[in-house]
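Participant: Dropping a structure here in structure tokens format, bear with me for questions.
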Amino acid sequence: MDNIIPLPGRYTTTHNQFLADYPILNGHNFLCVESGSSYLPYLSLSPKITICSDERFITPLHNFLKCSTCVSILREVWINEFDEGRNVPYAVSVLQATNIRSALRSMPFRSWTDTARYYCLLAQSGFSYQFKRRKLAMEFNNPLPPNFDELAEWYKHLSTKEINIFNAGMKRFPTKGIDNNTIIYFHVPGHPAQYGCGFVWNKRKVEWVKRQVCELAELGYKVCVSTVGHKWGKEVPFTKNLLPAPLFTPHIYSELKAPSKYGLNNLNTEVYYCANF
């Protein structure tokens, strides 16, 4: 597998650095809680991944991308419906149907074709989307076609794993089957925001998550929590000193991007807090 994963969501090269330092994680099962993109376990050689997310439209994407007909359905939708990214009015209509304020937003996808339309919508915006006042906002001026060859390789990669998908968040994720060979993984975003259908990160939510992961660590479970440490060379206040030592050990990795033409230091860091491994 290459370093790029064809799944909408965040991505950082620090995942590879962390896995290289802790190759033991490749042999563990991953239980990902409230982690829609789940890049870290996907990049690992873990034989079993369990993904839990409350975001209504994220879990179907995970299921869709491990479907054998994923590439053929996506290609047909991208070419015939989106006109390879040129049919902006159609993309806007799909956006309206999946908007959090739309009556259709509460409806699940009825078919893989529905899921493919949403994937193509995200692809057309270069996977760049956000929520503003509970409204999904996207850009359509830089269409990025799905990488069909990469998706085919992605399917081969996933076919070697056992992958379970649950519509569940922090309050009700499945605990049956967690053993000493399981890593419970969370990702805490670097700033407060609305990330999905009723999926909000704020200080109150982060404090609640901190209490839960500390309790899990104190019970002896293996826990990994990743978060953003620095953006543009500046410390992120929202996640500063996120989890206490010595219960959690922080591991900091840097992701140096291209130098800024304005002379800014484009240094980003990601912090991985580890407990019991």
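The values are calculated or read from the model by the stated rules, or taken from the named source; none is laboratory data. Just so we're clear, the structure is a prediction, and the values are computed from it rather than from any experiment. So basically every Cβ, Gly included, is an ideal-geometry build from the backbone, and we count neighbours across all protein chains shown.
Participant: Answer with yes or no whether K222 is under 26 Å from K171 (Cβ atoms) and touching a residue at least 40 places away in the same chain (Cβ under 8 Å).
Facilitator: So K222 passes the test.
Participant: Any residue at all in segment 113-122 that is small (G, A, S), under 18 Å from the mean Cα position of the chain (by Cα) and modelled with pLDDT of 85 or more?
Facilitator: Yes, that holds for at least one residue.
Participant: Can you give me the number of residues within segment 30-64 that are in a loop (DSSP other than H, G, I, E, B) and at pLDDT 85 or above?
Facilitator: Residues flagged as in a loop (DSSP other than H, G, I, E, B) and at pLDDT 85 or above within segment 30-64 amount to 4.
Participant: Can you pull out every residue in segment 229-277 that is among the hydrophobic types (A, V, I, L, M, F, W, C) and at pLDDT 90 or above?
Facilitator: V236, L242, L243, A245, L247, F248, I252, V271, C274, A275, F277 - these are the residues of segment 229-277 that are among the hydrophobic types (A, V, I, L, M, F, W, C) and at pLDDT 90 or above.
Participant: If N16 meets every condition in (1) within 13 Å of the chain's Cα centre (by Cα); (2) at pLDDT below 90; (3) over 17 Å from S159 (Cβ atoms) apart from one, which number is that one?
Facilitator: Here N16 meets the rest and fails (1).
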